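The values are calculated or read from the model by the stated rules, or taken from the named source; none is laboratory data. Just so it is clear, the structure is predicted and the values come from calculations on it, not from any experiment. A quick note on method: Cβ atoms are made from the backbone with ideal geometry, for glycine too, and the neighbour counts reach across all protein chains shown.
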Amino acid sequence: MRKMVLFLWAIVLVFLITIIQNNLSIETASYGWGSRGNTVIEIQKRLKNWGYYTGNVDGIYGYKTYIAVKNFQTKNGLYPDGIVGPKTLAALGISEYSAQRGYSGSQNYELLSRLISGEARGEPYIGQVAVGGVVLNRTRDPRFPSTIPGVIYQPGAFTAVSDGQINLSPTDSARKASSDALNGWDPSGGALYYYNPAKTTNKWIWSRPIIKIIGDHYFCK
């Protein structure tokens with residue numbers, strides 16, 4: 001009986017160690033020559049959208065991906081070793097957790113389109129793209145969640161989520177604005193916040209340094 005109990009405990013211990021190792025690999029994984037999978041696909045998609053990568057989005061980390069990563073790292077002040085570690089993933093705006101779980105680019109596009117539609121319907125087109133830019137800027141800032149869904153659904157972050165407009169079908173212009181934002185256009189100038197001064201009563205947001213005014217929205221740090 002005692003041997004059976006010890007055997008069962010050994011199985012449980014191995015199981016727990018496996019879970020811990022898997023979680024650690026998600027947190028600290030790096031990607032380089034020969035890597036494959038969903039995260040590599042996401043890396044290639046973003047680099048291709050921003051003009052660094054010219055190969056196929058096939059999830060295989062080869063020479064073209066390596067060169068594209070090095071160029072991206074050089075442009076963004078990262079050590080150009082061609083390896084996508086935590087810092088490069090963060091600069092790309094990729095959450096390791098969501099990439100491993102396969103949260104697709106099309107889902108991000110659709111969610112961002114609905115957010116832009118709910119938050120900036122009726123604003124100038126450039127202002128709609130700027131709202132998308134704010135969402136993406138937050139994914140790259142350590143003070144915010146590192147995924148588009150995480151940023152958008154952060155409690156109290158966006159009125160469109162609070163009032164349910166996030167669930168409505170987006171306008172055509174919002175879809176186009178979402179695509180432009182995901183492809184790297186940021187008319188907000190790197191803003192992390194925006195507000196309509198005619199509607200907000202939040203004293204804190206009024207204290208933020210204003211970067212740009214587009215339509216009825218003030219974009220700020």
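From Tyr193, Tyr125, which residue is in contact with a Lys or Arg (Cβ under 7 Å, 6 or more places away or on another chain), hydroxyl-bearing (Ser, Thr, Tyr) and touching a residue at least 12 places away in the same chain (Cβ under 8 Å)? Show your work before the answer.
Numbers: Tyr125 fails: in contact with a Lys or Arg (Cβ under 7 Å, 6 or more places away or on another chain).
Of Tyr193, Tyr125, the one residue that is in contact with a Lys or Arg (Cβ under 7 Å, 6 or more places away or on another chain), hydroxyl-bearing (Ser, Thr, Tyr) and touching a residue at least 12 places away in the same chain (Cβ under 8 Å) is Tyr193.
Among the residues of segment 36-77, the ones that are among the hydrophobic types (A, V, I, L, M, F, W, C), crowded, with 19+ Cβ neighbours inside 10 Å and more than 22 Å from Ser106 (Cα to Cα) come to 3 in all.
Looking at Ser188, Ser173, Ser179, just one residue is closer than 29 Å to Lys87 by Cβ and buried (at least 18 other Cβ atoms within 10 Å of the Cβ), and that residue is Ser188.
Within segment 187-221, being within 23 Å of the chain's Cα centre (by Cα) and either closer than 13 Å to Ile116 by Cβ or part of a strand (DSSP E or B) (or both) holds for Pro187, Ser188, Tyr193, Tyr194, Tyr195, Ile211, Lys212, His217, Tyr218, Phe219, Cys220.
Could you tell me whether any residue of segment 172-181 is out of contact with any Leu (no Cβ under 8 Å at 6 or more places or on another chain), modelled with pLDDT of 95 or more, assigned to a helix (DSSP H, G or I) and of a type in the set (A, V, I, L, M)?
Of the residues in segment 172-181, the ones out of contact with any Leu (no Cβ under 8 Å at 6 or more places or on another chain) are 172-177, 179-180.
Narrowing the set further to residues that are modelled with pLDDT of 95 or more leaves 172-177.
From what is left, the residues that are assigned to a helix (DSSP H, G or I) are 172-177.
Okay, now just the ones that are also of a type in the set (A, V, I, L, M), so 174, 177.
Yes: one or more hits.
Restricting to segment 197-221, and then to whatever is free of Cβ contacts under 8 Å to residues at least 12 places away in the same chain and among the hydrophobic types (A, V, I, L, M, F, W, C), can you tell me which residue is surrounded by the fewest Cβ atoms within 10 Å (Cβ to Cβ)? Checking each candidate, the answer is Trp204. Counting only helices (runs of 4 or more DSSP H) wholly contained in segment 40-153, the ones carrying 1 or more residues that are closer than 21 Å to Asp180 by Cβ and touching a Phe, Trp or Tyr at 6+ places or on another chain (Cβ under 7 Å) occupy 63-75, 105-120, 125-139, 148-152. Contact map, segment 147-168: residues that are closer than 19 Å to Tyr195 by Cα paired with residues that are surrounded by fewer than 19 Cβ atoms within 10 Å (Cβ to Cβ) and aromatic (Phe, Trp, Tyr), Cβ distance under 8 Å, separation 6+ or inter-chain. Pairs shown: Val151/Phe144; Gln154/Phe144; Val161/Tyr153.
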